[in-house]
Amino acid sequence: MSSVLFSIVRADYADPAHGQALVELLDAYARDVAGGGQPLGQYARTHLVRELAARPAAYSVLAFEGLQPIGLVNCIEGFSTFACRPLVNVHDVAVLPTHRGRGVAAQMLALAESLARQRGACKLTLEVLQGNRQAIALYERIGFAAYELDPAMGQARFFQKWLSE
C-alpha cells in the first residue's frame, strides 16, 4: 500500500480542469477491457460535461495525485419506490491502471456515499462485470452485496436494451 495521499473531491462541472479530467478518465476506462475496450465517441467527449452539469441528479467524484487525475466515480440519483426515497446509482468507477490496488476507489466511493447520504438516499447501487474480481472484492469489503429480496427468487440480474440513437 502506498503512503502517497490522494486528493478526493466532488467534481465541479464548471471547472475546465475537472471537466478535462472527467473526460480523460472516462475515456481511459472505456478503452479498458472492463469498460468495453473502445474509446469514447466524439459526441460523448464533446458533450459529456455539459450534459452531466445539466442534470441535478448527477454528480462525480475525482481523485488526484498532485495535479494528475487518477480516478473517477460518476453517480446518478434515482428513486426507490419501495423506500419512497432517493437512491444513488454508482454508474462508473474508474482508476488508472497505474494506481489500482492503492485505495483510490475506496476513498472515492466513501465521498460518493457521503454525498448520497446528504441527498437522503436510502442506498447505493452499482453494476459490475462478473470477471472483474478485484472490483467485486472491493465492493464487498466496503459493504456492497448482491441484490436479492428472497433467496428462493435468486439475485437480481442487470439487463439493458439499447434504443435507437
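Summary table
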{"read-out": "Some residue of region 83-98 being over 29 Å from Leu40 (Cβ atoms), outside any strand (DSSP E or B) and over 13 Å from the mean Cα position of the chain (by Cα)", "value": "yes"}
{"read-out": "Leu109 being buried (at least 17 other Cβ atoms within 10 Å of the Cβ) and either closer than 22 Å to Glu148 by Cβ or hydroxyl-bearing (Ser, Thr, Tyr) (or both)", "value": "yes"}
{"read-out": "Residue that is surrounded by the fewest Cβ atoms within 10 Å (Cβ to Cβ) [pool: residues in region 23-70 that are β-branched (Val, Ile, Thr) and without any contact (Cβ under 8 Å) to a residue 60 or more places away in the chain]", "value": "Val33"}
{"read-out": "Residue list for region 104-141, filter: small (Gly, Ala, Ser) and part of a helix (DSSP H, G or I)", "value": "Ala105, Ala106, Ala110, Ala112, Ser114, Ala116, Ala135, Ala137"}
{"read-out": "Residues (of a type in the set (A, V, I, L, M, F, W, C) and surrounded by fewer than 19 Cβ atoms within 10 Å (Cβ to Cβ)) located in region 71-84", "value": "Ile76, Phe79, Phe82, Ala83, Cys84"}
{"read-out": "Any chance Phe144 is among the aromatic types (Phe, Trp, Tyr), at pLDDT 95 or above, assigned to a loop (DSSP other than H, G, I, E, B) and touching a helix residue (DSSP H, G or I) at 6+ places or on another chain (Cβ under 9 Å)", "value": "yes"}
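Conditions (1) at pLDDT below 95; (2) in contact with an Asp or Glu (Cβ under 7 Å, 6 or more places away or on another chain); (3) in a helix (DSSP H, G or I); (4) under 23 Å from Phe158 (Cβ atoms), marked per residue:
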| site | (1), (2), (3), (4) |
| --- | --- |
| Val4 | yes, yes, no, no |
| Tyr13 | no, no, no, no |
| Gly19 | no, no, yes, no |
| Leu26 | no, yes, yes, yes |
| Pro39 | no, yes, no, no |
| Tyr43 | no, no, yes, no |
| Arg55 | no, no, no, yes |
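The values are calculated or read from the model by the stated rules, or taken from the named source; none is laboratory data. Note that the structure is predicted; figures quoted are calculated from it, not measured. Note that we place each Cβ from the backbone using ideal geometry, even for glycine, and neighbour counts take in every protein chain shown.
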